[in-house]
Number of protein chains: 4
Amino acid sequence: MAGSVNKVILVGNLGRDPEVRSFQNGGKVCNLRIATSENWKDRNTGERRERTEWHSVAIFNEGLVRVAEQYLRKGSKVYVEGQLQTRKWQDQSGQDRYSTEVVLQGFGSTLVMLDGRSEGGGYGGGQSSGYGGGQSGGYSEPYAAQSSAPAPASGGIDDDEIPF
Amino acid sequence: MAGSVNKVILVGNLGRDPEVRSFQNGGKVCNLRIATSENWKDRNTGERRERTEWHSVAIFNEGLVRVAEQYLRKGSKVYVEGQLQTRKWQDQSGQDRYSTEVVLQGFGSTLVMLDGRSEGGGYGGGQSSGYGGGQSGGYSEPYAAQSSAPAPASGGIDDDEIPF
Amino acid sequence: MAGSVNKVILVGNLGRDPEVRSFQNGGKVCNLRIATSENWKDRNTGERRERTEWHSVAIFNEGLVRVAEQYLRKGSKVYVEGQLQTRKWQDQSGQDRYSTEVVLQGFGSTLVMLDGRSEGGGYGGGQSSGYGGGQSGGYSEPYAAQSSAPAPASGGIDDDEIPF
Amino acid sequence: MAGSVNKVILVGNLGRDPEVRSFQNGGKVCNLRIATSENWKDRNTGERRERTEWHSVAIFNEGLVRVAEQYLRKGSKVYVEGQLQTRKWQDQSGQDRYSTEVVLQGFGSTLVMLDGRSEGGGYGGGQSSGYGGGQSGGYSEPYAAQSSAPAPASGGIDDDEIPF
DNA sequence: TTTT
DNA sequence: TTTT
């Protein structure tokens, strides 16, 4: 289908450490459990209530897997932007089951660390974007600002993967 | 939890007519099936491929249910903005099952019709927002623009519900 | 025009304390300066570069003004969601000038504090949403989750303003 | 700065045909004027009001420039996703002036045509994404869906630029 | 299972 | 003028 958009934006905290698994072909997936929650006052009782939603996030992008693995821990606050995907699988009894995840893979996927609490090393947080930007031409006036900022949105950590 | 965001944005087409059900208490839910899809060229074979994702949308907001019921049909293109929610339920064998939906309910939920195909009447499409805006004060200079536009994001169709 | 969306999402830090001004009619506006920035490696020189963008945010929503005033300070990290608006004004020489701002006003505007650094009091951060949610009906099965969470996205702080 | 997000999402109609200019170095920029508008009922007078906001969009991404040039026309409805950027320039009298635009350039920028009205050819609309996806590894089970959809969000039109 |  |  032409003309569609599939976008999920979450800001929340990890319920546990990231879990990374490797595939036979060398690829990796990193799974996160992210909690979002909201408070409201019950219309009838007037009492304050809270509801927490747990989200399953699957990161396939190599650079973002590296960031998640290295810098995120249980309790970390993150901004993630990805796509909704539902997978079909079979349970032990052979029945069809479905799991819906927020998938970070390829273009437009983003992972931004929002605190430094969980970092073991000296890295102080940082944005990492799925597939790096870059730009097919250098621009001159009248867009000097862009000219001097060839790939403003490119992720820092993926640089070695940007195929220029 | 303080400080979280749970947002889904979809632009896609309805796979079938909206389905509306009523609750005992007079409330309604409207369920949509929305398709988004993407094309890419296979890295290995070089052939063009397409993948369609189907999303379950549940609208609880009274005004948006009315809009969906009245103006959306199979094939309609829509922009929806809501929240990810996973419900737990029991199948016939008593096993726990989970369904993840995009829920439009309350603050920040939006439904925007993007074509006129499905409209039976003269209504030419329009944005409808969950719970209307409104503003607690009238503003004067230097924000004349806002002053004259007290509730710029308010939906048109919910007006009778906006407590001005 | 029917069928349009105007949405800005920023995550960044305040460059200075929030500035609140009052209007004659009792309304208030709170102005924020929010920095976002990005890093990239220059394609030609290979050196690391950074570009910071400064955003002007104007909050008209009463509840959000209160939150910003009370909890945000220079350096605070925030998530804001609002609309792009361009105002026309005259400079001293009578020439037309234009200023573009991210406006938080009414439906769909959001302000989420992402750190606790700036809080003077005991309030530990929290999401505050423009105009509170609420729900026009109580729902029963089969959407028990929603039934027990009537207005999941409603802001906590605005509750007294929700007109039920 | 680490940890920031700068995102604008618009759905609206072009007020005039796209304007494309070339730079000395061969780069191009395509400027769009996009209208979004909203309706509301005046709190005081009760009358229906409308406010239209005009947005300046600058597309630097080569593939998206091509799409805009070829398929968009005055009146076309589009979804755009880009970044807020403010440029400084000097007017004739040498005074500093600022212009804020929605910039589509590099990672995360998106342009989706939402109608077919403006197309001269047989192309029925389509999503086009800034810098194509692609994936650094092939995935196997248990994520078969992803395995067979290596770059789900890649744009169709940029394919010749995707460096596989 | 997070966070406040 | 923030932040890392």
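The values are calculated or read from the model by the stated rules, or taken from the named source; none is laboratory data. None of the values given here were measured: they were computed from a predicted structure. Ideal geometry is used to build each Cβ from the backbone, glycine not excepted, and the neighbour counts take in all protein chains shown.
Quickly run through segment C:1-33 and pick out the residues that are farther than 29 Å from D:Val57 by Cα and part of a strand (DSSP E or B). Listed by number, the residues that qualify are C:Glu19, C:Val20, C:Arg21, C:Ser22, C:Lys28. All told, C:Gln135 falls short of being out of contact with any Asp or Glu (no Cβ under 7 Å at 6 or more places or on another chain), at pLDDT 95 or above, at the interface with chain B (Cβ under 9 Å from one of its Cβ atoms) and farther than 30 Å from D:Gln92 by Cβ.
Taking the numbered list (1) touching a Gly at 6+ places or on another chain (Cβ under 9 Å); (2) over 21 Å from A:Val112 (Cβ atoms); (3) within 16 Å of DNA strand F (Cβ to nearest atom) in turn, C:Arg48 passes all entries but (2).
Filter segment D:89-110 for residues that are more than 10 Å from chain A (Cβ to nearest Cβ) and hydrophobic (A, V, I, L, M, F, W, C); which is nearest to A:Phe107 (Cα to Cα)? So the residue we want is D:Leu104. All of A:Thr45, A:Thr52, A:Thr86 fail the test of being of a type outside the set (A, V, I, L, M, F, W, C), assigned to a strand (DSSP E or B) and away from DNA strand E (no atom under 12 Å from the Cβ), apart from A:Thr86.
Considered as a group, the residues in segment A:61-108 that are acidic (Asp, Glu) and over 13 Å from the mean Cα position of the chain (by Cα) include one that is surrounded by the most Cβ atoms within 10 Å (Cβ to Cβ), and that residue is A:Asp91.
Yes or no, residue by residue, for (1) in contact (Cβ under 8 Å) with a residue 24 or more places away in the chain; (2) among the hydrophobic types (A, V, I, L, M, F, W, C):
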{"site": "D:Val5", "(1), (2)": "no, yes"}
{"site": "D:Ile9", "(1), (2)": "yes, yes"}
{"site": "D:Gly27", "(1), (2)": "yes, no"}
{"site": "D:Glu38", "(1), (2)": "no, no"}
{"site": "D:Asn44", "(1), (2)": "no, no"}
{"site": "D:Leu64", "(1), (2)": "yes, yes"}
{"site": "D:Val67", "(1), (2)": "yes, yes"}
{"site": "D:Glu81", "(1), (2)": "yes, no"}
{"site": "D:Lys88", "(1), (2)": "no, no"}
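Being in a strand (DSSP E or B), surrounded by 15 or more Cβ atoms within 10 Å (Cβ to Cβ) and of a type in the set (Val, Ile, Thr) is true of C:Thr36. Condition test on D:Leu84, is it within 26 Å of B:Glu81 (Cβ to Cβ), within 11 Å of chain C (Cβ to nearest Cβ) and of a type in the set (A, V, I, L, M, F, W, C)? For D:Leu84, the condition - within 26 Å of B:Glu81 (Cβ to Cβ), within 11 Å of chain C (Cβ to nearest Cβ) and of a type in the set (A, V, I, L, M, F, W, C) - is met. Looking only at residues in segment B:5-27 that are under 12 Å from the mean Cα position of the chain (by Cα) and within 14 Å of chain C (Cβ to nearest Cβ), which one is surrounded by the fewest Cβ atoms within 10 Å (Cβ to Cβ)? So the residue we want is B:Ile9. Looking only at residues of segment A:28-42 that are within 16 Å of DNA strand E (Cβ to nearest atom) and within 30 Å of D:Val112 (Cβ to Cβ), we find that the one that is farthest from the other protein chains (Cβ to nearest Cβ) is A:Leu32.
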